Amino acid sequence: MIREKDGIHIENGKYVADSRKASGDINIASHAHMDHAFQGNGEVVCSELTRKLLESRLGKKISRIDHESIELIDSGHILGSSSALIDTGDKKILYTGDVSIRDRAYIDGFDPVEADILITESTYGIPAYSLPPQGVIENNIKDWISDTDSPYLFGYSLGKAQKIQWLVKQVTDRPIIAHGSVLKMNKVVEKNTDLIFDAKPYGENKEMLRNGEGVFIGPTRFAKTDALEKLVEASNGVKAGFSGWGMTESYKYRGGYDKVFPFSDHCGFDDLVEMVRKVDPKEVYTHHGFDSEFASYLKREEGVNARALKQNQSSLTDF
């Protein structure tokens with residue numbers, strides 16, 4: 001009834017969630033990250049903000065619809081992200097999409113609802129990724145930004161980058177200088193929310209960065225480029241990465257960061273367990289990350305009928 005193959009196929013493909021190309025009778029897009037972006041033809045159930053973000057990222061019109069059997073619930077991942085509560089008539093199926101139950105920066109966390117079947121991502125599904133309290137994480141970030149002369153900050157261009165900019169603006173009036181991919185997402189967010197970042201374009205303000213006069217924000221893929229490395233060296237800059245993967249030392253060295261903060265847009269391990277308890281499902285299906293490990297934990301420690309879906313999609317390491 002539920003399988004993973006280019007998205008999550010529910011009720012033998014009647015509902016297809018977060019597929020890039022496959023289509024079901026009813027298509028669901030939980031949010032606008034590119035590894036989930038619906039690029040096929042046809043109508044899609046999603047939030048209005050996800051539609052606008054997808055149109056900006058894909059450069060094409062998205063036909064958004066509502067459906068009587070699906071209730072969209074804010075998943076607390078990024079702006080516009082939604083979990084889908086599917087009512088099949090004889091049972092309720094909760095597909096979380098990417099999810100966080102934590103309030104972070106300007107965004108409210110997911111408020112779990114009860115369901116018969118839970119389909120959840122399990123990116124951080126082992127105890128090593130039990131995240132510190134969110135207030136501690138954010139205070140550490142703000143203190144570090146305040147004390148650092150030339151910070152270069154890296155997170156995914158949609159979602160993480162905006163939260164980092166919001167934190168920057170809490171503690172300094174220094175100009176934010178952003179990579180083009182971040183500015184593109186800022187533009188959609190600023191147009192459709194009350195958030196204002198006032199970021200300046202990177203290409204026109206490199207000299208300001210060389211002089212240590214601004215705070216740089218860019219996508220993770222840009223952190224180890226030659227151009228960026230030269231700029232960091234010239235300005236005596238310090239590079240920081242923001243990810244739940246920062247709970248282990250390997251992330252710091254993989255990304256070439258000087259500093260890492262475990263700021264995540266996903267549930268940490270403890271958050272996942274809390275969410276499952278609140279949903280109180282009869283069955284749980286896990287996917288992405290430590291899916292088999294988390295399903296085994298739920299069966300062993302929580303007495304939940306859980307199993308991992310076969311995984312054949314890309315890693316969420318940078319998200």
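Counted as qualifying within the stretch 43-124 are the strands (runs of 3 or more DSSP E) with 3 or more residues that are more than 23 Å from SER292 (Cβ to Cβ), namely 43-45, 63-65, 70-74, 82-87. Scanning the stretch 233-269 for residues that are in contact (Cβ under 8 Å) with a residue 40 or more places away in the chain, surrounded by fewer than 20 Cβ atoms within 10 Å (Cβ to Cβ) and more than 30 Å from SER83 (Cα to Cα) yields ASN236, VAL238, LYS259. The condition (being within 12 Å of the chain's Cα centre (by Cα) and under 19 Å from ASN192 (Cβ atoms)) is satisfied by just one residue among SER81, SER63, SER100: SER81. Taken over the stretch 175-227, the criterion of being hydroxyl-bearing (Ser, Thr, Tyr) and surrounded by 15 or more Cβ atoms within 10 Å (Cβ to Cβ) is satisfied by SER181, TYR202, THR220.
Among the residues of this structure, GLU207 counts as one that is in a helix (DSSP H, G or I), more than 24 Å from SER130 (Cα to Cα) and charged (D, E, K, R).
Coordinate-derived values only; no laboratory data. Quick caveat: nothing in here was measured; it's all calculated off a predicted structure. All Cβ positions, glycine included, derive from the backbone under ideal geometry; neighbour counts span all protein chains shown.
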